[in-house]
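Asker: Below is the structure I would like to discuss, written out as structure tokens.
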Amino acid sequence: MGVSIIGCGSATPTQVMTNDNLSHLVETSDEWIRTRTGIQKRHLATTDSSLSELCTQAAQEAIAMARLAPGDIDLIILATSTADDLFGSAAKVQHLLEANNAVAFDLTAACSGFVFGLITASQFIRTGVYETVLVIGADILSRWVDWSDRTTCVLFGDGAGAVVCQGITDHDNLLGFAMYSDGQQHDALNIGYHGIEKQLKDGLTINQGTYKPITMKGRDVYRFAVEKVPEVIEKALFKAQLTTDDIDWLILHQANQRIIDAVAKRLKIPSHKVITNLDEYGNTSAASIPLALDEAVRQGKIKSGDVVATSGFGAGLSWGAAIFRWGI
Ligand code: ACO
């Protein structure tokens, strides 16, 4: 059984924070943020919205584009690091969608989450276990940003994106993939747990707390991305028996325009093939790839049969790439 990606959708909050707005919050400027990152705005979840609702909106669009009904979905994989509930939000999304025949679970791999989710979905399809799988990438990192830390708060935004994958018998549109982790660098990017000791009885003490805001070794993450992303795309291309010339579109995790430019340059992919929208949304973590894909498909840039190379990278550290042909 092969895999086809037949529908996409996205959702972003209506509330927008510009670089100028940020310069009233921390010591920064539109000029610094734009030239170092390419970001001009970010959309931030309103106080009455939830991750599950953003996911549901994105998923409904993807299911509609695939000309399916929620009841046709067999499996929902929600890639997120910011679930509404630490036990996971995928089952709530299944309920909101009324995807009553689907099993649903969360997958946590930070900004690699969508690519890891897509590859996981394809394993269930290829083995014939499930036929129709919804993969959602979504994050509300604004919940976990320290809004007084100018080194991180300028980077992130909120959003959700989704794709519908379906089994096909005569070919496979997931052409190649590769995934990696390097836990040695686990402290490069974190939303770490922090608790305090609480004695429940003599000789029995537990630790209870919450998560600290995002911390990041920005330069280390930058160096890691520029080195590992071209490598992993080349590995995925090799498995697909393709070269960079066969790529119609490059969609990287939207972390920083300078990272995207450096990777495209190293791979010798011309800028007109590179899809970016981080000027509008910032780094939306697991949502960034399906969000950019959805915009490009709806703008008519990506057409059925086009070869898309995509790569996610981030906390873990983790990174991965998937090369796929869009459509049936
Ligand atoms: N406004 C103004 N000045 C700032 C700001 C800001 N927002 N942030 C940092 N600075 C200052 C620093 O304090 C420093 O000042 P100093 O020289 O007086 O000490 C100076 O600017 C340079 O700081 P650097 O950190 O060296 O700046 P750099 O050019 O490396 O850019 C950046 C920082 C944009 C964070 C870059 O390192 C980067 O993009 N790294 C990758 C980050 C990334 O992609 N993270 C997401 C991964 S995905 C995931 O899993 C969530």
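Bear in mind these aren't lab numbers, they're just calculated from the coordinates by the rules spelled out. Source: prediction; values computed, not measured. Here the Cβ positions follow ideal geometry from the backbone for every residue, glycine too, while neighbour counts run over all protein chains shown.
Asker: In nm, give the distance between the simple-model label positions of N21 and T205, each being 7 Å from the Cα along the Cα-to-Cβ direction.
Answerer: Modelled inter-label distance: 4.4 nm.
Asker: State to the nearest 20 debye the size of the charge dipole of the chain about its Cα centre, where the only charges are +1 on K and R beta carbons and -1 on D and E beta carbons.
Answerer: 660 debye
Asker: For region 146-239, just say rounded, prolate or oblate: build the C-alpha gyration tensor, square-root its eigenvalues into a ≥ b ≥ c, call rounded for a/c under 1.5, and beyond that prolate if a/b exceeds b/c, oblate if not. Walk me through the numbers before you get to the answer.
Answerer: Details: a/c = 2.32, a/b = 1.78, b/c = 1.30.
Verdict is prolate for region 146-239.
Asker: Testing the spin-label approximation: label points 7 Å from Cα along Cα→Cβ at V129 and Q241. State their distance in nm.
Answerer: Spacing of the two 7 Å Cα→Cβ label points: 2.8 nm.
Asker: Helix by helix, which DSSP H runs in the chain go 20 Å or more along their axis at the Cα atoms and have an average Kyte-Doolittle hydropathy of 0.5 or more? Working shown, then result.
Answerer: Numbers: long enough: 51-65 (21 Å, 0.55); 218-240 (32 Å, -0.08).
What comes out of the filter, once short or polar helices are dropped, is 51-65.
Asker: Count neighbours as other Cβ atoms within 10 Å of each site's Cβ, and list the trypsin sites (Lys or Arg not before Pro) in region 59-144 that are DSSP loop with at most 14 such neighbours. Could the numbers behind the result be given before it?
Answerer: On the way: sites: R67, K92, R126, R143; in loops: R67.
Answer in residue order: R67.
Asker: Which shape class applies to region 2-173: rounded if a/c is under 1.5, otherwise prolate when a/b exceeds b/c and oblate if not, where a ≥ b ≥ c are the square roots of the Cα gyration tensor eigenvalues? Intermediate results must be reported in sequence, preceding the final value.
Answerer: Working: a/c = 2.49, a/b = 2.07, b/c = 1.20.
It is prolate, given that a/c is not under 1.5 and a/b is the larger ratio.
Asker: In addition: Region 235-292: which trypsin sites (Lys or Arg not before Pro) are DSSP loop and have at most 14 other beta-carbon atoms within 10 angstrom? Could you put the intermediate results ahead of the total?
Answerer: On the way: sites: K235, K239, R258, K265, R266, K268, K273; in loops: K268.
The qualifying sites are K268.
Asker: Once every DSSP H run of n ≥ 4 in the chain is given -39500 (n - 2.57) and the sum is divided by its residues, what mean residue ellipticity at 222 nm do you get, rounded to the nearest 500 deg cm²/dmol? Show your work: numbers first, answer last.
Answerer: Numbers: 10 runs with 103 residues, N = 328.
The per-residue figure over the chain is -9500 deg cm²/dmol.
Asker: Order of 11-19, 297-305 by packing, highest average Cβ count within 10 Å first? Each step should come with its number before you reach the end.
Answerer: Values: 11-19: 17.4, 297-305: 13.9.
Put in order of decreasing packing, that is 11-19, 297-305.
Asker: What FRET efficiency comes out for the pair Q185/I328, r = Cβ-Cβ distance, R0 = 35 Å, nearest 0.05?
Answerer: Values: r = 39 Å, r/R0 = 1.12.
Using R0 = 35 Å, I get an efficiency of 0.35.
Asker: Continuing with the same structure: Loop-only check: which GluC sites (Glu not before Pro) in region 36-138 are DSSP coil with at most 16 other Cβ within 10 angstrom? Provide the component values of the computation, followed by the final result.
Answerer: Values: sites: E53, E61, E98, E131; in loops: E98, E131.
Sparse-neighbourhood loop GluC sites (Glu not before Pro): E98, E131.
Asker: Note down the net charge around L141, summing +1 for each Lys or Arg and -1 for each Asp or Glu among other residues with Cβ under 14 Å from its Cβ. Write down the numbers at each step before the final one.
Answerer: Numbers: positive: R42, R143, K212; negative: D84, D139, D146, D149, D158.
So the surrounding residues net to -2.
Asker: In the chain, if the dipole is taken from +1 on Lys/Arg beta carbons and -1 on Asp/Glu beta carbons about the Cα centre, which of L267, N256, Q94 is farthest to the positive end?
Answerer: L267
Asker: Now, a different point. Please work out whether region 119-192 counts as rounded, prolate or oblate from its C-alpha gyration tensor, where a ≥ b ≥ c are the square roots of the eigenvalues and a/c under 1.5 means rounded, while otherwise a/b larger than b/c means prolate and anything else oblate? It would help to have the intermediate numbers written out before the result.
Answerer: Details: a/c = 3.52, a/b = 2.11, b/c = 1.67.
In terms of gyration-tensor shape, prolate.
Asker: Another one. Return the ratio Rg/(2.2 N^0.38 Å) for region 209-320, where Rg is computed over Cα atoms only.
Answerer: On the way: Rg = 14.4 Å, N = 112, 2.2 N^0.38 = 13.2 Å.
Dividing the Cα Rg of region 209-320 by 2.2 N^0.38 Å gives 1.09.
Asker: May I ask for the distance between the Cα centers of region 215-248 and region 56-89, given as a whole number of Å?
Answerer: The two parts, judged by their Cα centres, are 27 Å apart.
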